[in-house]
């Protein structure tokens, strides 16, 4: 066993290949603020050395292949630098089980009713961790891995109980329908327009329908993809009859917006304003919601820096609001956990960007967290449900309603990337599971005003291949049914009140 006495943190590994090689660059550290910190990780023989420039204890975030579940980014407990190596598997187990126990006890103390069976399973997981600590090597690894996978699955079940408990409480208190989606707003609120409340209310989960790019000739587009467009229209009409609104796609994604030499923010804003006017013309009177900018906070090297993004966004939203004061505007933030900060530490986190826009008085109605789960390297890394719970709670600090948009691959078992095949749990049932648990949790949060799914129909050339709720052949995936179940549960709860 290699025991190198170096500054930083050393780990013993159960095997030299226990961390998927394609994720090695994503190992990082976090403090209590959950902002990613860049560290250096080097694997040698059966050990790993972590080097960092921080004096404080850190939580190390490790991509771990969880049996039957795929690759998850899991946290250790807070670790201080020391010469003696830590057992990596045990520290990941300690961090995962510890977070399960702490959050669950918080919910229990607030009155969430957990069944005897769930409490028994929670006790068994704690015993698994205890036994793993005192077992021999082979048994220790088996019990620790079982404790990790069991913890992740139990988080989902407990999260569902929490969500249902919140919906039941709101129903009994006869709170306004909007509160059933997490946002309790007065009808005359200055921050939220009445049209926004009508678009995101307790009875609907809006599913956006893609509209043509304004620069594309509609006849050419119809000729190339007539079948897909027809399906879009049929599904959109069907959903509209059931009270499901649609919202526009973003006018621009910041990572696609290239900064031209000597281009000013005002010039860029005017160009985007022209695009937005074309979008309004296409939407006509049915445009109840505008999604002008997406992917804020993410950009290539040499592109717009954070301060330029903030000012450009502020200028664009201000001008659009002057032109269409009755239309609510939302802004999408990519990688809401701040993964981009890991590769460019000078960047602001999405939460910091949102705070800056609010402080500037930007006339926007809400922020949208774009969770493109499992799409590497530019999507959101797969984490357990309690990590998303922490994220949503952190966004309650921002004085604006929150929307949650989700994409997750379904119907594909792996994705071929430049650096090789990416191993993720991306089956249709996995997609449905994420929709069920993550949407239910988001709806239960007081600051969440609406949730929606980002891709309706699969497109082979889509950046998020396989994320659709409906296949290119028109077949509905299990995730589509899960969304309907959630909507029906909300409608039932509203009717009972």
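No lab work stands behind these numbers, since they all come straight from the coordinates. On a predicted model such as this, the values are computed, not experimentally measured, just so you know. Here the Cβ positions follow ideal geometry from the backbone for every residue, glycine too, while neighbour counts run over all protein chains shown.
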Relative contact order (%) - criterion: Cα under 8 Å, at least six apart; region: region 328-381: 50 percent
Peptide ranges 477-485, 389-397 listed from the most packed, as the mean C-beta count within 10 angstrom indicates: 477-485, 389-397
Peptides 352-361, 150-159 ordered by average Cβ neighbours within 10 Å, highest first: 150-159, 352-361
Alpha-carbon centroids, region 117-134 and region 316-389: separation in whole Å: 38 Å
From the C-alpha gyration tensor of region 1-88, square roots of 5λ in Å: 19, 17, 11
Hydrodynamic radius (Kirkwood) for region 9-161, which is based on Cα pairs only, to one decimal in Å: 16.3 Å
Estimated inter-spin distance, residue 68 and residue 119, nm [label 7 Å along Cα→Cβ]: 2.6 nm
Contour minus Cα-Cα distance for residue 378 and residue 352 (0.36 nm per residue): 7.5 nm
430, 110 arranged by Cβ crowding within 10 Å, fewest neighbours leading: 110, 430
